[in-house]
Amino acid sequence: MNENVTAPLRARAEIDLGALKANVRSLRAHAPGAAFMAVVKADAYGHGMIPVARAAKEAGAEWIGAATAEEALELRAAGLTGRILCWLWVPGGPWRAGVEADLDMSVSGLWALREVIEAARAAGRTARIQLKADTGLGRNGCLPADWPELVREALSAQAAGLVTVTGLWSHFACADEPGHPSIAAQLTCFREMVAYAEGQGVTPEVRHIANSPGTLTLPETHFDLVRPGIAMYGISPSPELGTPADFGLRPVMTLKASLALVKQAPGGLGISYGHHYVTPGATTLGLVPLGYADGVPRHASGTGPVQIGGKRRTVAGRIAMDQFVVDLGGDEPAAGDEAVLFGPGDAGEPTAEDWAVAAGTIAYEIVTRIGSRVPRVYGDTDTGKKSTV
C-alpha cells in the first residue's frame, strides 16, 4: 500500500471507507436482531477486498463472505480473523487448505461433502461446513428432493467428528422485485428445509437467506444472519426498491480521470472507431484516458455520462480500449483537468446507476468491472487517513 496519494494519476477509483463503515452500521440497523456478514467477493465488488473487509469488521461485521476458496484464503493470509464463509467450489478444490484455515465452507451436494470429509481426515481437523439449500433460485444449492440424503450424510460425518454443520442457508432469486411470488415461495421452502434438517438433529449456529434487498425490505427473512452485498457499497439493489439515500446509504466508489488532451476541432470531424459521432460544428474535444480495458462499458458508447468542469457531458462516439472522447462544446478545460465518470452524485456528477442505465445493465456490474489498471485511492473519514493501492 502506497501512502503517496498526491502524485497525478491517469485515473483513480476513490474508495470512501468512512462511507462503507456508515453503510454497514445503517444496514445493521435494518436487521438489529441478526448477525452481519460483509460480502466481499469479486474484490469487494471492485472496491478492494482486504481494505473493505477490514473496514467492515471495524464497523461491526461479525462474518465475512467470499465466493471462492481462493478469495477466502487470501483474506486469511492478509490476517483477517473470525468467521469467513465461502461458497463456490468445484471438484478438486483446496478443501484441505480451507479446513486448515478454519473457513466455513458451503456444501451443496454429496460430492462436495465427500471431498471436505476427506480433507478433514487428511488435515486431522474437524471441518466447518454449511449446507446450502436450493429453494428456487435454480443455481447452486441442494434441491429439496436431495436434501434428506445430504443431511443424513452430513450428520453421519458430524457424529464421526469430521465435520460440524455450522449453518443452513439459501439465496433469493427475485428479492429485488417487490411482491414477486417467488419470494414467499422460497421463504416457505427454506423454512421447511431448515425444519427438516433440525428435526434430524442439525443444530446450526446460523440460518440465513437475506441478501441486500432482503436485509432492506423483508424483515421476515433476517433469521440469524444477513448477507448484504451491493448495498454495503452504497448502491441500491434495485431502483424499484428505492435510492441509496432512501435506505440511509452512500455510494463508496468515485471514478475519476485526468483529461489527457484538449483540442479544437472543426465541424464534420468523425470521432473514434466507426465515426458514429460526427462533430456538428466547430467545437472542443476532451480525451478521457479510460476505456473498456479499465472496465468502462463499451455498451455505453454515445450514452455514458461524464462530469467535466461542473457540467454533465456524454461520451462522443465509441468507447475504445483505453480512451474515449467527450464533446465539450465551447468550453475549454485544460489537459489534466478532472473528469468524473461516477460518484455519490452530491455535486451533480453521474452515479453508477446512471452508467448502468446508459449501458443497459445493473450498477453491480459497473463498479465490479473497474479493472486493476485503475488504482484504488482509499480515504477514511473516520480516521482521516489516505492511501493508494
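Here are some notes:
- The modelled label-to-label distance between residue 114 and residue 243, using points 7 Å beyond Cα along the C-beta direction, is 5.5 nm.
- Residues of the stretch 297-388: accessible area per residue with a 1.4 Å probe, Å²: 44 Å²
- Between 0 and 90 degrees, the angle of helix 110-123 with respect to the longest Cα principal axis of the chain falls at about 80 degrees.
- Extension gain, residue 191 to residue 389, is 66.9 nm, computed as 0.36 nm per intervening residue step minus the present C-alpha separation.
- Computed accessible area, residue 183, all protein chains, 1.4 angstrom probe, square angstrom: 20 Å²
- Set of the stretch 259-297 residues, backbone N closer than 20 Å to the point 7 Å along the Cα-Cβ line of residue 321: 260-261, 271-276, 287-297
- Treating each Cα of the stretch 137-251 as an identical point scatterer and summing with the Debye formula, the log10 of I(q)/I(0) at q = 0.11 Å⁻¹ comes to -0.42.
- Partner aspartates and glutamates whose Cα lies under 19 Å from the Cα of residue 21, excluding those fewer than 8 positions away in the same chain, are identified as 43, 58, 62, 246, 346, 380, 382.
- Eigen-decomposition of the gyration tensor built on the alpha-carbon atoms of the chain gives equivalent ellipsoid semi-axes of 44, 21, 19 angstrom, largest listed first.
- The stretch 217-299 has equivalent-ellipsoid semi-axes of 43, 14, 12 Å, by the square roots of 5 times the alpha carbon gyration tensor eigenvalues, sorted largest first.
- The shape of the stretch 272-389 can be summarised by an equivalent ellipsoid whose semi-axes, obtained from the alpha carbon gyration tensor, come to 25, 17, 14 Å from longest to shortest.
- Within the same chain, aspartates and glutamates fewer than 8 places from residue 256 are excluded, and of the rest, those with a Cα less than 13 Å from its Cα are 14, 294, 337, 338, 349.
- Chain lengthening between residue 346 and residue 373 when straightened (0.36 nm per residue, less Cα-Cα): 7.1 nm
- Shape category assigned to the stretch 176-218 from the gyration tensor of Cα positions, a/c cut at 1.5: oblate
- In the assembled protein chains, residue 156 presents an accessible area of approximately 70 Å² (probe radius 1.4 Å).
- Using 0.36 nm per residue and subtracting the Cα-Cα separation, the extra length available between residue 182 and residue 198 on full extension is 3.4 nm.
- Neighbour cut-off at most 16 other Cβ (10 Å), DSSP loop, trypsin sites (Lys or Arg not before Pro), the stretch 77-158: 125, 139
- In this view, the solvent-accessible surface of residue 331, computed with a 1.4 Å probe and all protein chains in place, comes to about 50 Å².
- Cut-off under 5 Å, modelled amide H: who pairs with residue 143 long-range: 134
The values are calculated or read from the model by the stated rules, or taken from the named source; none is laboratory data. Just so it is clear, the structure is predicted and the values come from calculations on it, not from any experiment. Note: ideal-geometry Cβ built from the backbone for every residue, glycine included; neighbour counts use all protein chains shown. Accessible surface is based on the protein model in full, side chains and every heavy atom, while ligands, DNA and RNA are left aside. Shrake-Rupley method; radii C 1.70, N 1.55, O 1.52, S 1.80 Å.
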